[in-house]
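Take a look at the structure below.
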Amino acid sequence: MPLSITALYAGILALIILALGINVTVHRVKLRVSLGDGGNPVMLRMMRLHGNAIEYLPLALVLMALYELNGGWHWALHAVGIALIAGRVVQTWAMWGEGLPKPGRGIGQVLTWASIAVLALLNLWKLV
């Protein structure tokens with residue numbers, strides 16, 4: 001069984017992760033920070049944007065693939081995939097600028113956590 005839905009969202013999310021990783025490198029050069037955050041709050045924020053995506057998206061994609069392999073609902077896979085993309089975009093937008101944390105940071109994280117929780121429950125439900 002092909003995993004065309006998961007492949008679609010994996011491709012989009014991989015491009016987001018790649019863009020965030022390139023952004024870290026650009027900021028390293030710009031801020032002259034070769035390792036770690038160099039005590040620079042901007043560098044730390046850019047690293048956390050990338051790190052947060054790396055921490056959560058692989059698990060979400062594995063859960064998506066398993067659910068799709070087990071014949072999960074296509075609409076549910078699309079809904080979760082869209083929520084994951086929206087979560088990353090909203091969180092990145094909210095954390096990009098300086099100043100106080102914006103509500104988008106929390107919204108983006110909740111979308112990511114909710115997506116993983118929904119996928120976990122859908123996978124468990126398939127086993128029952």
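Which part of the stretch 41-79 falls in the paramagnetic zone of L31, meaning amide N under 13 Å from the point 7 Å along Cα-to-beta-carbon?
41-51
Pulled fully out, how much extra length does the chain show between E55 and A120, if you take 0.36 nm times their separation in residues and subtract their Cα-Cα distance?
Extending this stretch completely gives an extra 21.8 nm.
Toward the positive end of the charge dipole of the chain, about the Cα centre and with charges on Cβ (Lys, Arg +1; Asp, Glu -1), which of L3, W75, A94 goes farthest?
Checked the options; the winner is A94.
Could you tally the net charge around N40, taking each other residue with its Cβ under 15 Å from the Cβ of N40, Lys/Arg +1 and Asp/Glu -1?
Surrounding charge for N40 is +3.
Please name which of L111, L59, G38 has its Cα lying farthest along the dipole of the chain towards the positive end, using unit charges on Cβ (Lys, Arg +1; Asp, Glu -1) and the Cα centre as origin.
Checking the options against the dipole of the chain, the answer is G38.
Can you tell me which of 28-37, 71-80 comes out highest on packing, and rank the rest after it, using the mean Cβ neighbours within 10 Å?
Final packing ranking: 71-80, 28-37.
From the backbone phi of the stretch 17-31, what are the Karplus-calculated ³J(HN,Hα) couplings (6.51 cos²θ - 1.76 cosθ + 1.60, θ = phi - 60°) in whole Hz, Gly and Pro given as x?
3J(HN,Hα) across the stretch 17-31, in whole Hz: 4, 4, 4, 5, x, 4, 4, 4, 5, 4, 5, 4, 5, 4, 9.
Sort all Cα-Cα distances of the stretch 29-80 into consecutive 5 angstrom bins from zero, then give the percent of pairs in each bin up to the one containing the longest distance.
Percent of pairs per bin, in order: 4, 17, 18, 13, 11, 9, 8, 9, 8, 3.
What base-10 log of the normalised intensity I(q)/I(0) is obtained for the stretch 4-127 from the Debye formula, alpha carbons as equal point scatterers, at q = 0.09, 0.11 Å⁻¹?
Debye output, listed in q order: -0.28, -0.41.
Please give the length that would be gained between M1 and H74 if that part of the chain were fully extended, namely 0.36 nm times their separation in residues minus their C-alpha to C-alpha distance (nm, one decimal).
Here the answer is 25.0 nm.
May I ask you to order 44-50, 108-114 by the average number of other C-beta atoms within 10 Å around their residues, highest value first?
Going by the mean number of other Cβ atoms within 10 Å, highest first, we get 44-50, 108-114.
What list of ³J(HN,Hα) values in whole Hz, one per residue of the stretch 71-82 in order, does the Karplus curve 6.51 cos²θ - 1.76 cosθ + 1.60 (θ = phi - 60°) give from phi, with Gly and Pro shown as x?
x, x, 5, 5, 4, 5, 5, 5, 4, 5, x, 5
Send over the semi-axes of the stretch 4-47's equivalent ellipsoid, whole angstrom and largest first, taken as the square roots of 5 times the C-alpha gyration tensor eigenvalues. Present the calculation step by step, with values, prior to reporting the outcome.
On the way: eigenvalues 161, 15, 8 Å².
Rounded to whole Å, the semi-axes are 28, 9, 6.
All of the numbers you see were taken from the coordinates with simple rules; none came from a lab. Computed from a prediction, not measured in an experiment: that's the story for all the values here. Note: ideal-geometry Cβ built from the backbone for every residue, glycine included; neighbour counts use all protein chains shown.
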